[in-house]
Amino acid sequence: MKRIKFISLLSLTLLLAGCGSTSSDAGTVSSPDSSADVTTSYPNVTLSVKALASEVEIGQSVEVRAIIQGSKCSFTSSDTSIATVTVQDNGVRANVTGVKAGKVTITVVPEINPTVSASVTINVIASKPSLRDALKNVQQLDSYTLEITSNKKSKGVVYVTENAIVYDDPYGEAVVQDKNRKSVYGEMVTADGKVVYLKKSGQAFEVDNAELVQSNIGLLNKDNFKGTKEAAKQAFEVGEFYSFDAINPAWVTDVKENKNVYTISGEDLDEENNPTYLNGAFVESLLWKIADPVGYASAVATLQEDYYWSLAEKIETTITVESSQTLSVEVTVKDSDTTFKIAMTDINETTLENEDNDIQNEFASVTAAAPVVGDKLEAGIAAIKTDNYIRVNSLFPDHQTEIQYTTYFTPNYVFHDCTAEFANEYNTHLGSDTEAWSDAPYGYVKKADGIYKFTYNEENQTVEVASTKEDGTDATTTVPEFDKYFSTLSTFDDATGLKYAFGNEEEAIWNGRSTKYYTTTSRTIFDEFINYYAPEDVEDVIENTKAGFGVVMTGTDVTAVHGTVGFTPFSGQDNDITKHTYGVDYFVLSDFNQATNNHVDTLLQAHINK
């Protein structure tokens, strides 16, 4: 038989206070004065206390409320070196401010009955960083696990380690498929620092001749396969799998929120209906793809493009700073009212070893396949590196009429043949806000001690070479470096691997012109192309970019290379962001190894390298 334990009235009062609530009947308390028999009577009181949070950071405050009718209360801290108390609203509530890390008890006593009390425990913790600083801390971690849930059901796990990123779908299915519809489960760094896809052949992972990962920043390696951190220019510069390293810390706020919960507002518009926070849209898109890759892919398919602002409009996203190196994420898809949660666990303890499969050891002897680049693309790059070709420059002074002039690129000089006829036609079509064309045909020639500018007199058919060389040039300076030939772009430098940002198959991207290009959405390549051809067209904020590189061949000879770049700025039709329009620049390189066939070549021979 269970025994019933009787406790004293004083013990009962203390027990209830520890639970955060207490009550009393009207009572009497004897006076300690032995010379008189005086008693004090107190009214019946019901008291409870509520803290709006169970923990508070050092330097921050949390509110504690007394729930009682008809009485002021006193609030005291069990240790003022841990937390202090400031009473508010005439004794109804108090602000508890953290001083140092530790636990403290806040006791509340009503004025009308001091025999009653209630208390609550507050945990004072170290100050958490801002979202930006916390993200920087996370990006220094070697490993962590991202557990994804929705309605308390697992939706998958992302294992982020020093040498791999692996997605583990709860149903054992691959998150993505390659172009041959082969299941891809993650990315792995090989012994020589290359990054390959994790694929399965039957139930076993493929380890021989694994496919290298091509991305918008080229072939991935051990230094960038998880993301480029503060160097990221736009979303999805890595492969199909990524971590928090894919987010540039500058894309999130460095203003600290007291509650450490940050709402990402990538869909916000300004008064002219233009997006105000493109970086926020990047962050939301990245987090959505981690939390709900299937739903994200479906949304992209309906848009036909990765318009980040439009994607951000479909979701609501918050990031909570749990600690100095721990984040949690919630992504709510508005149409389905489904919330996905991403929780970080096993920080710096995540490995790929488990009972069924040790991926790390299984891939210890992996062999990476040779990089793949289209044969025509390689031929086009080789033709450009001759530094001997003609470029047809297409300009649109009134944004409608196309006006062209020719530039001759040779190893020893460059000649911009912008004739008087071209200048007159260009100026005829100018808009009111466009500067008139005033340059006569001109160029630069390599002499023995540096680079010199020259001008061409059309009427007399003579050249005049400047008497002083261009600033910053010397005997080692080459004309391609000085005037930025196409060959000098890092896009075509094998060391950067940027050419692997292009697709391996030709496809059409713009109507008209050449119809087939090797294409990429690399912002780095876009910047190089646009700065090579039309640097004045670069916008400060660009939502989406495309670049194309088309090669025309006759037999085994390259006869032309078509270049094109396009971007989506925030100046849509009638300032309506839903009506995206691309700005496109286009140029053609041709006559490879024949650029010296022009009317200044003979005139310049007396100056070249002299």
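Please go through region 217-230 and give me each residue that is over 9 Å from the mean Cα position of the chain (by Cα) and open to solvent by 10 Å² or more (accessible area, probe 1.4 Å), ordered by number. Those that are over 9 Å from the mean Cα position of the chain (by Cα) and open to solvent by 10 Å² or more (accessible area, probe 1.4 Å): Ile217, Leu219, Asn221, Lys222, Asp223, Asn224, Lys226.
Residues are listed down the side, and each one gets a yes or a no for (1) surrounded by 13 or more Cβ atoms within 10 Å (Cβ to Cβ); (2) in contact (Cβ under 8 Å) with a residue 60 or more places away in the chain; (3) over 23 Å from Asp585 (Cα atoms):
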{"residue": "Asp387", "(1), (2), (3)": "yes, yes, no"}
{"residue": "Asn393", "(1), (2), (3)": "yes, yes, no"}
{"residue": "Gln400", "(1), (2), (3)": "no, no, no"}
{"residue": "Ile403", "(1), (2), (3)": "yes, no, no"}
{"residue": "Tyr444", "(1), (2), (3)": "yes, no, yes"}
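Table: residues versus (1) within 21 Å of Met344 (Cβ to Cβ); (2) among the charged types (D, E, K, R); (3) touching a helix residue (DSSP H, G or I) at 6+ places or on another chain (Cβ under 6 Å).
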residue	(1), (2), (3)
Gly172	no, no, no
Val176	no, no, no
Lys194	no, yes, no
Glu206	no, yes, no
Asn224	no, no, no
Thr228	yes, no, no
Phe244	yes, no, yes
Pro249	yes, no, yes
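Would you confirm whether any residue within region 95-105 is touching a Lys or Arg at 6+ places or on another chain (Cβ under 7 Å), in a loop (DSSP other than H, G, I, E, B) and at pLDDT below 95? No - not one qualifying residue is present in region 95-105. Taken as a whole, the condition of being at pLDDT 85 or above and more than 30 Å from Thr488 (Cβ to Cβ) applies to Glu330.
Among the residues making up region 62-72, those that are within 29 Å of Ser127 (Cβ to Cβ) and buried (at least 16 other Cβ atoms within 10 Å of the Cβ) are Val62, Val64, Arg65, Ala66. Picking from residues in region 323-345 that are part of a loop (DSSP other than H, G, I, E, B) and in contact (Cβ under 8 Å) with a residue 60 or more places away in the chain, the one that is nearest to Thr161 (Cα to Cα) is Gln325.
Among the residues of region 518-544, those that are in contact with a Phe, Trp or Tyr (Cβ under 6 Å, 6 or more places away or on another chain) and either at pLDDT 85 or above or basic (Lys, Arg) (or both) comprise Tyr518, Thr520. Residues that are part of a strand (DSSP E or B) and among the polar types (S, T, N, Q) do not occur anywhere in region 125-143. Within region 100-145, the set of residues being closer than 30 Å to Asn348 by Cβ and hydrophobic (A, V, I, L, M, F, W, C) comprises Ala101, Ile122, Val124, Ile125, Ala126, Leu131, Ala134, Leu135, Val138, Leu141. Considering only residues that are touching a Leu at 6+ places or on another chain (Cβ under 9 Å) and charged (D, E, K, R), look in region 193-210 and name the one that is modelled with the lowest pLDDT. It comes out as Glu206. Residues in region 328-387 that are among the basic types (Lys, Arg) and in contact with a Lys or Arg (Cβ under 7 Å, 6 or more places away or on another chain): Lys334 alone. When region 360-393 is filtered for residues that are under 21 Å from Val561 (Cβ atoms) and part of a loop (DSSP other than H, G, I, E, B), the ones remaining, listed by number, are Pro371, Val372, Val373, Gly374, Lys385, Thr386, Asp387, Asn388.
Looking only at region 388-403, which residues are at pLDDT below 95 and within 20 Å of Phe549 (Cα to Cα)? Arg391, Val392, Asn393, Ser394, Leu395, listed by residue number.
Could you go through region 106-125 and let me know if any residue there is open to solvent by less than 60 Å² (accessible area, probe 1.4 Å) and without any contact (Cβ under 8 Å) to a residue 40 or more places away in the chain. Taking every residue of region 106-125 in turn, at least one turns out to be open to solvent by less than 60 Å² (accessible area, probe 1.4 Å) and without any contact (Cβ under 8 Å) to a residue 40 or more places away in the chain.
Residues in region 416-441 that are touching a Pro at 6+ places or on another chain (Cβ under 7 Å) and within 28 Å of His607 (Cα to Cα): 4 in all.
Taking the numbered list (1) surrounded by fewer than 21 Cβ atoms within 10 Å (Cβ to Cβ); (2) assigned to a strand (DSSP E or B); (3) in contact with a helix residue (DSSP H, G or I) (Cβ under 9 Å, 6 or more places away or on another chain) in turn, Phe236 passes all entries but (2). Pairing each residue of region 482-502 that is closer than 22 Å to Ile451 by Cα and part of a helix (DSSP H, G or I) with any residue that is hydroxyl-bearing (Ser, Thr, Tyr) and at pLDDT below 85, provided the two are 6+ apart or on different chains, yields C-beta distances under 7 Å for Phe486/Tyr532.
The values are calculated or read from the model by the stated rules, or taken from the named source; none is laboratory data. In this text the structure is predicted, and so the values were computed from the model without any measurement. Virtual Cβ from ideal backbone geometry, glycine too; neighbours counted across all protein chains shown. Ligands, DNA and RNA are excluded from the accessible area calculation, which covers all protein heavy atoms including side chains. Shrake-Rupley method; radii C 1.70, N 1.55, O 1.52, S 1.80 Å.
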